[in-house]
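Below is one structure, written out as structure tokens; comments come after it.
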Amino acid sequence: MNKMKKVIGYIRVSTEYQKLKENSINNQIKSINEYCNRNDFDLVEIFEDNGMISNRIGLTEMIDKIKSENIDCVIVYSLSRLGRKLKDVIQFIELLEKKNIKFISLKENFNSNDIVGKLMFNILGSINEFEVNILSQRISDVKQYKKSVKAVYCGKILFGTDRIDNKLVKNDKEFKVLE
């Protein structure tokens, strides 16, 4: 098998804990490198993002490289690393298809070059988005419950309240200013 001209990877961690521990980053890099070595691919660069921010610099840089250079393949460890919303992932895959660039997701074990891969991509993307929405709803429910019992539910304490252990208590001086 001939080496592909240019293969790039993309990795991301969602939480500060994952970033500090470096487990997820190291595992993603290792998996992508091993896959490329097994398949005789030439991995020229890996783009990286940290956190759940909507403006991901690594992804933007990778897209710029895809638009400006001849890339043969993009490899990710998992679809969830590429994006949380199905429409964003689909837009990315459509960009790759227009440029005739192969897409491989290692964890889900599929690529964009075959019919089954395209079907699996849509199914898994929908499931991924569903999971993200469920998690978001759970977090919202927990915050609402904590608000209702006057428990601390975020890092910043509202003006007019004090934090005592994990409870929010009215600060009379600040509350008068608010009134």
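Observations on the structure shown:
- Taken together, the residues in region 25-69 that are part of a helix (DSSP H, G or I), without any contact (Cβ under 8 Å) to a residue 40 or more places away in the chain and within 21 Å of Val132 (Cα to Cα) amount to 1.
- Extreme residue, nearest to Phe121 (Cα to Cα), among residues of region 70-89 that are within 16 Å of the chain's Cα centre (by Cα) and assigned to a loop (DSSP other than H, G, I, E, B): Ser78
- Test for Asn133: is it in a loop (DSSP other than H, G, I, E, B) and open to solvent by 40 Å² or more (accessible area, probe 1.4 Å): no
- Residues satisfying the stated conditions in region 107-130, i.e. aliphatic (A, V, I, L, M), crowded, with 16+ Cβ neighbours inside 10 Å and within 15 Å of the chain's Cα centre (by Cα): Leu124
- When Lys102 is tested against (1) more than 30 Å from Asn70 (Cα to Cα); (2) of a type in the set (Lys, Arg); (3) open to solvent by less than 80 Å² (accessible area, probe 1.4 Å), only condition (1) is not met.
- Lone unmet requirement of (1) open to solvent by 90 Å² or more (accessible area, probe 1.4 Å); (2) in contact with a strand residue (DSSP E or B) (Cβ under 9 Å, 6 or more places away or on another chain) for Asp172: (2)
The values are calculated or read from the model by the stated rules, or taken from the named source; none is laboratory data. In this text, all values refer to a predicted model and were calculated from it rather than measured experimentally. Please note: Cβ atoms are built from the backbone with ideal geometry, for glycine as well, and neighbour counts cover all protein chains shown. Side chains are part of the model used for accessible areas, which takes the heavy atoms of the whole protein and leaves out ligands, DNA and RNA. Shrake-Rupley method; radii C 1.70, N 1.55, O 1.52, S 1.80 Å.
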